[in-house]
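Participant: The structure under discussion is supplied below as structure tokens; questions concerning it will follow.
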């Protein structure tokens, strides 16, 4: 009786097991056929070193899953592992994806691809305490490449083996392998091979915080990429040059490399642009350019959101391709089982079993939707809170920047107002009184001609004339009237003439471009900056020659002041009021300042200012 009225779920499981067993037998036969048809020799066009974009990787991976092409799936996981490690900085997931790639190539019977992926996986084993296993895997791959005469893969493997030996601490063996690799690479005349190996070696040195040793390798890779017109690699090397300089805290060199990479990355992958924005923001922050740092931080946030959205879409598409065919087969089998179950249930307490089944399914569905709704609400609340926190932090930074700029503007305007008032008082009050004293002396001399022979009288008259001249000079320095009347170039010419003194340094003033349409605020601040730099050179540098150069190039002004004085140590310099005022003026007009100096090598100050015509 128990066998006659066998429960519905037991029959369902029996049918499912039979179907799965048949499907697995068919899949095993199909796999054997594919392995028999797959050629054992590698194709001439090697895809391992070919760079792929995010979209290309997703297309290869999804296509391999959809077509059940194990070789294409293996290549997709291989490229996806390198992408996760380089762009997303996720080494754990990269290790797992490489292991999956090795397994797929082995199942596909592609020996070349299997050993290439396995050798790449071996380079990640030493950091997990498996250096001996890594060497064994690489030796096995090396023997295969020698046996099959694949000299290119053999040369590439030598660079990977050098990296593993270096991680083990065997520097002598690592250097020997590197030397052998370079000889093989030069013999093969394969620039792509050399570029890839140089970049991998530079990354290893950077991981060990040996940035100065990593930079020459990166420069060599960049030169090879430029000579062979490999734009993507040239761009990648420019970014790494900036990144290594940033880690070495040489922010000016890092900024130049990042800006070159940014100019060249307008139409290329978003991941590299996101990292460029991130480190440009950090570099400008280190150089106290808060406004530019904020701009690049905002760009980094926007591009990060875009890439996260793209990753979600790609993952959904890949999962849909992976499980779509299986779900269709399962749906057909489920429908057949339902039909058979309905026919059987007519003889086995049909109404009771259907009621229990419906109740159980309804409970599961209700629980599923309740759990999903709860998780969705938690996730939505967390995302909203994070976005609000970001907006609040961004608003605070913007208010702080606006307050700082407003305070700086008020201070500079106050300084200029006070300078104007003092200059006016000196010229009208003190200058007038001194002129009246001189007229009285002249009148006294006409009344008593014998005073002309008096030495004290002559000295008093000479001191009075010097005082009048000095008063005029001070008033002119405080408020340059020639700036508003004749423009910046004429005012600077007058300034240089006043600074030239007998026995003092030779001052050479050069100007290039048109400065007639400058805004008065920009012109005044440029004048004050040059005035401050000249005063510093004359007062502290002990220089014999000073060069002042003013250049206009489109909407940019470059100010260069150089002297051949004693220089100073930038690490030990103490900031004074003059230095603070100088930097505040440069920041106020949105400029950038760079100082190059050393003990006994003079000082070179370069200031660039963006300008707009009036």
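The values are calculated or read from the model by the stated rules, or taken from the named source; none is laboratory data. It should be emphasised that the depicted structure is a prediction, and the values quoted were computed from it without experimental measurement. Note that we place each Cβ from the backbone using ideal geometry, even for glycine, and neighbour counts take in every protein chain shown.
Participant: Test residue 572 against the criterion of being within 42 Å of the chain's Cα centre (by Cα) and at pLDDT below 85, and give yes or no.
Facilitator: When the stated conditions are applied, residue 572 passes them.
Participant: To continue, here is another question. Output the number of the condition that residue 565 fails; it satisfies all remaining conditions of (1) part of a loop (DSSP other than H, G, I, E, B); (2) in contact (Cβ under 8 Å) with a residue 24 or more places away in the chain; (3) over 26 Å from residue 506 (Cβ atoms).
Facilitator: Going through (1) part of a loop (DSSP other than H, G, I, E, B); (2) in contact (Cβ under 8 Å) with a residue 24 or more places away in the chain; (3) over 26 Å from residue 506 (Cβ atoms) one by one, residue 565 breaks only (3).
Participant: I'd like the full set of residues that are touching a helix residue (DSSP H, G or I) at 6+ places or on another chain (Cβ under 7 Å) and farther than 13 Å from residue 488 by Cα, limited to region 505-530.
Facilitator: 505, 507 - these are the residues of region 505-530 that are touching a helix residue (DSSP H, G or I) at 6+ places or on another chain (Cβ under 7 Å) and farther than 13 Å from residue 488 by Cα.
Participant: Give the residues of region 579-597 that are surrounded by fewer than 18 Cβ atoms within 10 Å (Cβ to Cβ) and part of a loop (DSSP other than H, G, I, E, B), sorted by residue number.
Facilitator: Within region 579-597, 590 is the sole residue that qualifies.
Participant: Conditions first: (1) touching a helix residue (DSSP H, G or I) at 6+ places or on another chain (Cβ under 6 Å); (2) crowded, with 17+ Cβ neighbours inside 10 Å; (3) modelled with pLDDT of 80 or more. Residue 243 passes all but one, so which condition is the exception?
Facilitator: (1)
Participant: Kindly indicate whether any position in region 84-91 is out of contact with any helix residue (DSSP H, G or I) (no Cβ under 9 Å at 6 or more places or on another chain) and without any contact (Cβ under 8 Å) to a residue 12 or more places away in the chain.
Facilitator: The answer is yes, given that some residue of region 84-91 is out of contact with any helix residue (DSSP H, G or I) (no Cβ under 9 Å at 6 or more places or on another chain) and without any contact (Cβ under 8 Å) to a residue 12 or more places away in the chain.
Participant: What's the total number of residues in region 167-201 that are crowded, with 20+ Cβ neighbours inside 10 Å and more than 16 Å from residue 157 (Cα to Cα)?
Facilitator: 0
Participant: Given the criterion in contact (Cβ under 8 Å) with a residue 60 or more places away in the chain and in a helix (DSSP H, G or I), identify the matching residue among 224, 235, 193.
Facilitator: After ruling out the rest, the residue left standing is 193.
Participant: Right, another one. Across region 589-604, what is the number of residues that are within 26 Å of the chain's Cα centre (by Cα) and at negative phi?
Facilitator: 7
Participant: Let me ask something else. For a quick check of your reading: which helices (runs of 4 or more DSSP H) sit entirely within region 407-521 and have at least 3 residues that are at pLDDT 80 or above?
Facilitator: It comes to 488-499.
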